[in-house]
Amino acid sequence: MSCHTDPSDDAQPFAGGRALETPFGTFYSPNITPDPETGIGQWSDSDFVTALRTGTAPEGHLYYPVFPYPSYTKMREDDMLAIKDYLFSLVPVRAVNKEHEPLFPLGWRFLLNGWTMMNFTEGELARDQQQSDEWNRGRYLVDALSHCGECHTPRGIFGGTDSSMYLAGTVDGPEGELVPNITPHETGIADWSEADIAYLLKSGSKPSFDNVQGSMAEAIEDGLSHLNDADLKAIAVYLKSIPAIENRVEKPE
């Protein structure tokens, strides 16, 4: 909803056109309503699954990784198709997609083949048999469906996420936002309880009584706040279990 809706007052939900400023250029989200000409109305189930699983368009080219297929690839196919069913239930909106404005030479899409070799691992997230159902559900929500690491994990020089700093925050988030450390380190959320985490994801309110702002506020309003209590708790359980990483995210002096 947030990514695929232009913030202008007269924009239609899911009709695309939202600009994302990145160090690699400006990219515009596409129309994902079921319009057959300007949206995804002609996509088959296979087209949809392939896009999420491999980052490949029906036409055969790779998507730029501003579309978070490195996370979506971890989804179960039944969840992918449930999302497609929902999108195809929406009112079709005719809205021609805007052309991306990548920096030179990133307009040459064949370069994405090298990027995927370095930064992309295809495949559904495997269950950790050593962990509980609740923990596995939390990891699935964090790493696949909600793709938290796409914003909360710092990126290297070529734009791939740095796994050694998993969810440790960054000063260079979307639109240049500060993205906080959400590992259980004292520079992150060590002093937050599971209930604190669940309440923030439901309401947008921090234990300090401050409210989240920017893209996270949108993520909560349009997505996370609609999760049921069991899923919110599962996310909290998972986040409290991951390695604690020191990284105090602050504006540079």
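The values are calculated or read from the model by the stated rules, or taken from the named source; none is laboratory data. Since the structure is predicted, the reported quantities are computational estimates derived from the model, not experimental observations. Cβ sites come from the backbone with ideal geometry, for glycine too, and all protein chains shown count toward neighbours. Note: accessible area is taken over every heavy atom of the protein model, side chains too, but ligands, DNA and RNA are not part of it. Shrake-Rupley method; radii C 1.70, N 1.55, O 1.52, S 1.80 Å.
Given the C-alpha atoms of the chain, compute the convex hull and give its volume per residue in Å³.
Convex hull volume per residue, Cα atoms: 143 Å³.
Over the chain, what percent of the accessible surface lies on carbon and sulfur atoms, probe 1.4 Å?
That fraction is 54 percent.
If I model a spin label as a point 7 Å beyond the Cα along the Cα-Cβ vector, how far apart are those points for residue 109 and residue 129 in nm?
Distance between the two pseudo-spin positions: 4.1 nm.
Among the aspartates and glutamates, which have Cα under 19 Å from the Cα of residue 251 when same-chain residues fewer than 8 positions away are ignored?
21, 172, 175, 177, 186, 210
Largest first and to the nearest Å, give the Cα extent of the stretch 149-253 along each principal axis.
Principal-axis extents of the stretch 149-253 (Cα, largest first): 38, 26, 26 Å.
Across the stretch 121-134, in residue order, what do the Karplus-derived ³J(HN,Hα) couplings come to in whole Hz, using 6.51 cos²θ - 1.76 cosθ + 1.60 with θ = phi - 60° and x for Gly and Pro?
After applying 6.51 cos²θ - 1.76 cosθ + 1.60, I find 10, 7, x, 5, 5, 7, 5, 8, 5, 7, 10, 6, 4, 5 Hz.
Per residue, how much accessible area does the stretch 154-253 have with a 1.4 Å probe, in Å²?
Computed with neighbouring chains in place, this is 57 Å² per residue.
Given a 1.4 Å probe and heavy atoms of the protein chains only, how would you sort 48, 67, largest accessible area at the top?
67, 48
As a test question: what accessible area, to the nearest 10 Å², does residue 124 have when a 1.4 Å probe is rolled over all protein chains in place?
Counting only protein heavy atoms, the figure is 100 Å².
Per Stokes-Einstein, at 20 °C and 1.002 mPa s, what whole-number D in µm² s⁻¹ belongs to the stretch 39-154, with the Kirkwood radius over Cα pairs as the hydrodynamic radius?
135 µm²/s
Cross-link candidates for residue 98: which lysines have Cα within less than 19 Å, leaving aside residues fewer than 8 places away along the same chain?
none
Have a look at the stretch 107-159 and give its Rg and Dmax from the Cα atoms, expressed in angstrom.
Cα-based Rg and Dmax for the stretch 107-159 come out at 14.5, 45 Å.
How much accessible area does residue 199 have with a 1.4 Å probe, in Å² rounded to the nearest 10?
Its heavy atoms expose roughly 130 Å² to the probe.
With every protein chain present, what accessible area does residue 225 have (1.4 Å probe, heavy atoms only), rounded to the nearest 10 Å²?
So the heavy atoms of residue 225 present about 30 Å² to solvent.
Please state the relative contact order of the stretch 149-253 as a whole percent: Cα pairs under 8 Å, 6+ residues apart?
29 percent
I'd like the distance separating the alpha-carbon centroids of the stretch 175-205 and the stretch 212-251, in whole Å.
About 6 Å separates the Cα centre of the stretch 175-205 from the one of the stretch 212-251.
Helix 229-239 versus the longest principal axis of the chain: what is the Cα-based angle in degrees, 0 to 90, to the nearest 10?
Taking the Cα atoms of the chain, the angle to 229-239 is about 70 degrees.
Tell me which lysines have Cα within less than 23 Å of residue 240's Cα, excluding those fewer than 8 residues away on the same chain?
In chain and number order, the partners are 74, 202, 206.
Assuming 0.36 nm per residue, please report the length gained on full extension of the stretch residue 79 to residue 44 beyond their Cα-Cα distance.
11.1 nm
Quote to one decimal, in nm, the extra length available between residue 175 and residue 194 on full extension: 0.36 nm per residue of separation minus the C-alpha distance between them.
So the extension gain works out to 3.9 nm.
What ranking do 187-198, 137-148 get when scored by the average of other Cβ atoms within 10 Å per residue, highest first?
Highest-to-lowest ranking by the protection proxy: 137-148, 187-198.
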